[in-house]
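Below is one structure; the comments refer to it alone.
The values are calculated or read from the model by the stated rules, or taken from the named source; none is laboratory data. What you see is a predicted model, and the numbers here were worked out from it, not measured in a lab. Reconstructed Cβ throughout: ideal geometry from the backbone, glycine too, with neighbour counts over all protein chains shown.
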Amino acid sequence: MYKLWASVKKEGLLLLRDAGALIILFVMPLALIITVTLIQQGSFKALSNAKIPVLLIDNDHGNVSGGIRENLENSGSFEIVSEKEGQPLTEKQARDEVFKGRYPMAVIVPENLSADLNQKVKVNVDKILKDVGLGEDSLAAFREVETKEIRLYFDPATQLAFKSAVKNNIDKMVSELEVQSVYALFQEQLSDSVAILSQKSFLHFREIMPVDGSREVIPNATQHNVPAWTLFAIFFIVIPLSINLVKEKGQGTLVRLRTLPMPYSVVIMGKTLTFLVICMIQFYLMVAVGVFLFPFLGLEPMQVGGKLILMSLVALCSGFAAIGFGILLGTVSQTQEQSAPFGATSVVILAAIGGVWVPVFAMPAFMQFVSGLSPMNWGLNAFYDVILRNSDLGTILPRLVLLLVFFVIMVGISILYDEKKRAV
Amino acid sequence: MSVITENRPEAIIRIHSLTKKYREAEDYSVNELTLTIPRGEIFGLLGPNGAGKTTLISMLCGLIRPTSGDFTINGWSYRSEGEKIRKNMGVVPQEYALYPSLTAKENLLYFGSMYGMRGRALELKVQEYLEHLGLLKYADKKIETYSGGMKRRVNLIAGILHSPMVLFLDEPTVGVDIQSKNVIIDFLKAYNRQGATLIYTSHHLIEAQEFCTRVAILDHGQVLTEGTPQELIQGVNQARSLEDVFLFMVGKELRDYV
């Protein structure tokens with residue numbers, strides 16, 4: 001026990017005197033979490049406060065283009081731009097502006113859209129009324145109406161998710177306008193003075209949140225970001241830990257350690273305990289930033305409410321998993337040039353497949369399977385179980401066990417590898 | 001200084017048919033080597049590059065496993081009593097084997113505690129050795145600020161803090177100034193006088209001739225000759241130094257190897 005304590009003390013001193021490692025371990029994760037949450041919050045605000053500039057070229061000047069303009073403005077997500085230097089924009093100018101990346105998108109409403117839509121609707125309505133014996137035989141008086149298209153231009157650098165969301169919204173908007181026209185025409189034909197057709201939507205949706213006691217658990221960017229990036233930071237411990245082990249080889253201390261009258265596992269446990277303390281400090285710092293600093297930055301505060309113990313347990317087990325990986329990497333690497341880039345890249349890959357950036361359900365089937373093998377996915381889901389799904393210890397226990405088993409396997413492989421190297 | 005000694009056989013190290021062949025190597029690094037090292041000697045293992053010195057010492061220290069053969073240290077078999085061997089041996093590697101960002105005192109307290117020493121006794125021991133080797137006033141300075149000679153001396157202390165009965169020294173004076181070298185050699189001789197056995201490797205044959213009480217010259221993983229430096233010199237016609245004996249035994253051709 002005394003030897004273990006001496007090892008922990010030594011590792012602590014080594015870390016305290018390594019400014020680079022301290023920056024990686026504490027400053028970078030805090031900078032990361034603040035930056036990412038500010039950006040995500042900023043993006044959300046941009047979408048919800050009509051901050052995205054959109055070029056709207058109105059060649060229609062009718063009720064449909066007016067409706068599109070009104071809907072875009074009222075959505076609260078867009079700022080409509082139709083002129084440049086006091087002159088109305090043309091489609092060509094709009095296309096150039098967008099393709100050069102000056103605007104994220106442009107909407108081109110074609111000529112006579114309103115008139116043609118009204119005419120098309122009128123033809124259909126008259127046909128229906130005639131079929132039920134309420135209309136006159138006047139179809140021959142109408143000309144054939146061609147299909148119209150609303151053209152959308154997107155900056156090629158625009159993300160697919162954004163494009164998809166905008167296209168869906170505009171599609172929905174046009175459909176609603178079309179339906180409204182149909183309703184209006186029926187009403188006009190059937191009754192001149194009384195509104196007999198309700199144009200209110202019949203179907204609505206309401207999102208039902210998980211309940212914590214009597215309070216709904218409403219997720220926000222902070223609730224997602226703090227656990228995700230905390231996990232990311234915890235796993236970044238792989239880099240200083242593997243470098244620590246590689247340095248032991250390079251400076252010859254490993255030779256001395258192996259000749260000492262104690263099992264090599266004491267050395268490993270000394271490193272594990274020290275870096276576990278670091279992991280927990282990282283975790284509490286990140287949570288503290290989420291709870292206390294975020295409100296000052298205009299961000300949603302982290303809601304911890306009575307879940308800190310379970311969250312700590314998840315952080316602890318995730319720390320074990322990260323340390324296991326770091327020990328393995330440090331054991332098999334011969335130089336810092338091997339361990340540092342590999343460590344950084346592998347953590348980013350583990351984060352990517354673990355669902356830190358892209359939700360697992362949005363991944364292709366094969367990647368969803370791979371995601372299930374990532375310890376970061378186990379940790380992230382355990383955090384989400386606790387924070388967002390209001391789960392108890394029994395629910396997260398399998399994930400915690402997986403993280404601990406991962407640690408044991410990693411350390412086991414490291415010791416076997418080390419033994420094998422000595423038997424060469 | 002005091003050394004843990006026990007009333008055990010006169011030969012402290014017995015090596016029998018010890019063999020090591022690395023997996024990717026074509027030749028044996030140590031080939032059926034048999035050697036007995038008497039207690040209380042300063043025993044020099046000499047040989048050209050690739051002779052098998054480092055491999056032999058690495059096996060004796062437990063760093064690598066022999067392919068075949070056996071050895072005992074103080075009667076303890078490496079196979080079944082490795083823990084006893086490690087408790088009673090010290091290692092002074094050729095690398096400094098110290099933590100550069102820790103002070104000399106922190107390094108020594110750590111390595112001492114790994115040998116089971118603790119508390120006031122450990123601190124006094126560290127202080128005694130640092131003073132003995134002229135480093136006490138720099139005890140609280142980081143190793144990274146030390147000169148090569150100072151690092152060598154701290155490296156030496158880290159290997160003998162627990163007063164081992166067998167001390168392995170891999171080129172303990174390489175790259176140091178003459179003053180540090182003298183301090184180290186005098187210190188080791190004094191330590192040997194306490195009853196410890198020193199196993200020493202070096203390419204510095206003049207130093208070995210002066211320092212060692214017995215010497216074995218190795219080549220191709222086998223012992224070519226063994227005895228006191230004087231015995232070896234007398235045994236070779238016209239030899240006047242250990243260097244003459246060495247060149248006679250292993251030849252003058254270059255021994256580059258990878």
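Tabulated data
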{"quantity": "Enumeration of residues in the range B:157-168 that are more than 16 Å from residue B:113 (Cα to Cα) and outside any strand (DSSP E or B)", "calculated": "B:165"}
{"quantity": "Subset of the range B:74-99 (residues that are of a type in the set (Phe, Trp, Tyr) and within 8 Å of chain A (Cβ to nearest Cβ))", "calculated": "B:96, B:99"}
{"quantity": "Pairs with Cβ under 6 Å, 6+ apart, first in the range A:1-16 and within 15 Å of residue A:276 (Cα to Cα) and more than 8 Å from chain B (Cβ to nearest Cβ), second of a type in the set (A, V, I, L, M) and surrounded by fewer than 19 Cβ atoms within 10 Å (Cβ to Cβ)", "calculated": "A:4/A:266; A:4/A:269; A:8/A:273"}
{"quantity": "Failed item in (1) within 19 Å of the chain's Cα centre (by Cα); (2) more than 10 Å from every other protein chain (Cβ to nearest Cβ); (3) among the aliphatic types (A, V, I, L, M), with residue B:63 passing the rest", "calculated": "(2)"}
{"quantity": "Qualifying residue in the range B:138-148 (condition: basic (Lys, Arg), in a loop (DSSP other than H, G, I, E, B) and more than 9 Å from chain A (Cβ to nearest Cβ))", "calculated": "yes"}
{"quantity": "Out of A:412, A:394, sole residue that is among the small types (Gly, Ala, Ser), away from chain B (no Cβ under 14 Å) and within 34 Å of the chain's Cα centre (by Cα)", "calculated": "A:394"}
{"quantity": "Members of the range B:10-30 found to be among the polar types (S, T, N, Q) and within 13 Å of another protein chain (Cβ to nearest Cβ), listed by number", "calculated": "B:29"}
{"quantity": "Complete set of residues in the range B:87-104 that are closer than 22 Å to residue B:186 by Cβ and free of Cβ contacts under 8 Å to residues at least 60 places away in the same chain", "calculated": "B:96, B:104"}
{"quantity": "Any hit, the range A:307-329, residues being surrounded by fewer than 19 Cβ atoms within 10 Å (Cβ to Cβ), without any contact (Cβ under 8 Å) to a residue 12 or more places away in the chain, assigned to a helix (DSSP H, G or I) and among the hydrophobic types (A, V, I, L, M, F, W, C)", "calculated": "yes"}
{"quantity": "Count - residues of the range A:288-321 that are modelled with pLDDT of 90 or more and within 22 Å of the chain's Cα centre (by Cα)", "calculated": "5"}
{"quantity": "Residue within the range B:8-20 that is among the small types (Gly, Ala, Ser), closer than 30 Å to residue A:18 by Cβ and surrounded by fewer than 16 Cβ atoms within 10 Å (Cβ to Cβ) present", "calculated": "no"}
{"quantity": "Where residue A:102 falls short, out of the listed (1) surrounded by fewer than 18 Cβ atoms within 10 Å (Cβ to Cβ); (2) part of a helix (DSSP H, G or I)", "calculated": "(2)"}
{"quantity": "The range B:177-188, subset exposed (fewer than 14 other Cβ atoms within 10 Å of the Cβ) and not polar (S, T, N, Q), residue farthest from residue B:149 (Cα to Cα)", "calculated": "B:186"}
{"quantity": "All helices (runs of 4 or more DSSP H) inside the range B:178-248 with 2 or more residues being without any contact (Cβ under 8 Å) to a residue 60 or more places away in the chain, under 20 Å from residue B:168 (Cβ atoms) and not small (Gly, Ala, Ser)", "calculated": "B:178-193, B:205-211"}
{"quantity": "The range B:113-137, subset in contact (Cβ under 8 Å) with a residue 24 or more places away in the chain and within 9 Å of chain A (Cβ to nearest Cβ), residue surrounded by the most Cβ atoms within 10 Å (Cβ to Cβ)", "calculated": "B:115"}
{"quantity": "Condition met for residue A:349 (surrounded by 14 or more Cβ atoms within 10 Å (Cβ to Cβ) and not aromatic (Phe, Trp, Tyr))", "calculated": "no"}
{"quantity": "Per-region count, the range B:100-112, residues facing chain A (nearest Cβ under 9 Å) and hydrophobic (A, V, I, L, M, F, W, C)", "calculated": "3"}
{"quantity": "The listed residue being assigned to a helix (DSSP H, G or I) and either buried (at least 21 other Cβ atoms within 10 Å of the Cβ) or touching a residue at least 40 places away in the same chain (Cβ under 8 Å) (or both), out of B:107, B:49", "calculated": "B:107"}
{"quantity": "Sole exception among (1) modelled with pLDDT under 90; (2) within 30 Å of residue B:111 (Cβ to Cβ); (3) not polar (S, T, N, Q) for residue B:206, by number", "calculated": "(2)"}
{"quantity": "Of all residues making up the range B:52-75, the number that are at positive phi and buried (at least 23 other Cβ atoms within 10 Å of the Cβ)", "calculated": "1"}
{"quantity": "Flag if residue B:199 is under 28 Å from residue B:69 (Cα atoms), crowded, with 20+ Cβ neighbours inside 10 Å and out of contact with any helix residue (DSSP H, G or I) (no Cβ under 6 Å at 6 or more places or on another chain)", "calculated": "yes"}
{"quantity": "Filter result (within 21 Å of residue A:335 (Cβ to Cβ) and facing another protein chain (nearest Cβ under 9 Å)) within the range A:249-266", "calculated": "A:250, A:251, A:252, A:253, A:254, A:255, A:256, A:257, A:258"}
